[in-house]
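S.K.: My questions will all concern the structure given below.
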Amino acid sequence: MERRGCLIIAIFICLFGFSSCREMEVIAKHGHKQHHQLATYNPTLARILVQYASAVYMSDLAELFTWTCSRCGGLIKDFEVIELIVDVKRCLQGFVGVATDLNAIVIAFRGTQERSIQNWVEDLCWKQLDIDYPGVDGAMVHHGFYTAYHNTSLRPGVLDAIQKAKGLYGDIKIMVTGHSMGGAMAAFCGLDLHLSLREKNVEVMTFGQPRIGNAAFASYYNKIVPSTIRVTHEHDIVPHLPPYYHYFPQKTYHHFPREVWLYSIGFGSLIYTVEKVCDSSGEDPTCSRSVSGNSISDHLTYYGIQMGCDKSSSCKIFMDPSLVAYGKTDLDGNLILSRDPSTLALKLDTGRGNRGSV
């Protein structure tokens, strides 16, 4: 038995070494090692943005729109929602507002319905439909994630709200966040803001985000939106999806940098959480790639904050009659709640430093 155990360990080491070599080969082939500036990890900002990524899951629209929900306090209590967009047909949700403490516009996207996350994970494993990313040779992206942002009611709602906010507050920075599929949408949004609105001061931070495109897309994304942090947690299964195929570098999806991996070390009651800032490859083999992605529970908690829907069975919305005056619907029944930002009692100090920089 001892000899057999040693043999298994030896085989594992050989396979791991081969995988690392294959990874470096893919990086070299696609030029994915970038030499320009990558985002700097700000742990304080991460603990703020994760609360926005959690709050966007709330299904009581009145509490979310008025920012009185159970997840709307703590580090994010000084926030005013400008626009809340609900794509009822596809069960998508996002909001845009202004955070006084960050001197920034904050955009958050909701992730996957909790009741269907197992099916969603299985689909990511076995059903991958690629499309060409417009204007970038060789860049392929996930059809579902791309469509969720670009071909739904969320994109026009988000862009409209940003124009409103900047018309009042000027050229303040924009922070985009989301968890799970919401993280994928946040990445596409950050890229879109650079390309469509020519926004330069855009920062993206996602939590438990899946891969959204191939190596060519990851390289392109990193050039356009370098101020991006992807936070991963322990054995969270979703950042491992769609699967990374070592033997098919042209087909496999590839994360863009920069990853920060949260994991615990210690024994018994002496547990310490490490926040490891990973390398510039996007697929650092010493970060979340170093462990198996087999945990949904790790996916639903980041920095001790609950992610996912506030109702265990579904992500149904609850609409209060008092919101009718703020809302409008389209032919598909999708809802947008919006208010004029000039009515918000906000005073931003645009002369502050970079407290909220990624």
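S.K.: Of all residues in the range 148-204 being of a type in the set (S, T, Y) and touching a Ser or Thr at 6+ places or on another chain (Cβ under 8 Å), which is farthest from I237 (Cα to Cα)?
M.R.: For the range 148-204, the residue satisfying everything is Y169.
S.K.: If you take the residues in the range 145-174 that are closer than 27 Å to W120 by Cα and touching a Leu at 6+ places or on another chain (Cβ under 7 Å), which one is surrounded by the most Cβ atoms within 10 Å (Cβ to Cβ)?
M.R.: Here the residue is L154.
S.K.: While we're on this one: In the list I76, I48, I117, which residue meets the criterion of being of a type in the set (A, V, I, L, M), without any contact (Cβ under 8 Å) to a residue 40 or more places away in the chain and out of contact with any Asp or Glu (no Cβ under 6 Å at 6 or more places or on another chain)?
M.R.: Result of the check over I76, I48, I117: I76.
S.K.: What is the residue count in the range 210-224 for residues that are free of Cβ contacts under 8 Å to residues at least 40 places away in the same chain and surrounded by 24 or more Cβ atoms within 10 Å (Cβ to Cβ)?
M.R.: Of the residues in that region, 1 qualify.
S.K.: Mind checking which strands (runs of 3 or more DSSP E) fall wholly inside the range 200-271 and carry at least 1 residues that are of a type in the set (D, E)?
M.R.: Fully inside the range 200-271 and qualifying: 202-207, 259-267.
S.K.: Where in the range 114-182 are there helices (runs of 4 or more DSSP H), lying wholly inside it, with at least 1 residues that are at pLDDT 95 or above, of a type in the set (S, T, Y) and within 15 Å of C91 (Cβ to Cβ)?
M.R.: It comes to 143-150.
S.K.: Same structure again: Quick check, is H246 under 22 Å from A187 (Cα atoms) and out of contact with any Leu (no Cβ under 8 Å at 6 or more places or on another chain)?
M.R.: Taking the combined requirement at face value, the residue does not satisfy it.
S.K.: Only one of (1) buried (at least 16 other Cβ atoms within 10 Å of the Cβ); (2) in a helix (DSSP H, G or I); (3) modelled with pLDDT under 95 is not met by L49, so which one is it?
M.R.: With respect to (1) buried (at least 16 other Cβ atoms within 10 Å of the Cβ); (2) in a helix (DSSP H, G or I); (3) modelled with pLDDT under 95, L49 is out only on (3).
S.K.: Given (1) at pLDDT 95 or above; (2) surrounded by fewer than 16 Cβ atoms within 10 Å (Cβ to Cβ); (3) within 22 Å of D60 (Cα to Cα), identify the lone condition not met by S314.
M.R.: The failed condition is (1).
S.K.: Consider the range 263-290. How many of its residues are over 21 Å from I212 (Cα atoms) and in contact (Cβ under 8 Å) with a residue 40 or more places away in the chain?
M.R.: Selection size over the range 263-290: 1.
The values are calculated or read from the model by the stated rules, or taken from the named source; none is laboratory data. Just so it is clear, the model here is predicted, and its values are computed rather than measured. Heads up, the Cβs are rebuilt from the backbone with ideal geometry, glycines too, and the neighbour counts pull from every protein chain shown.
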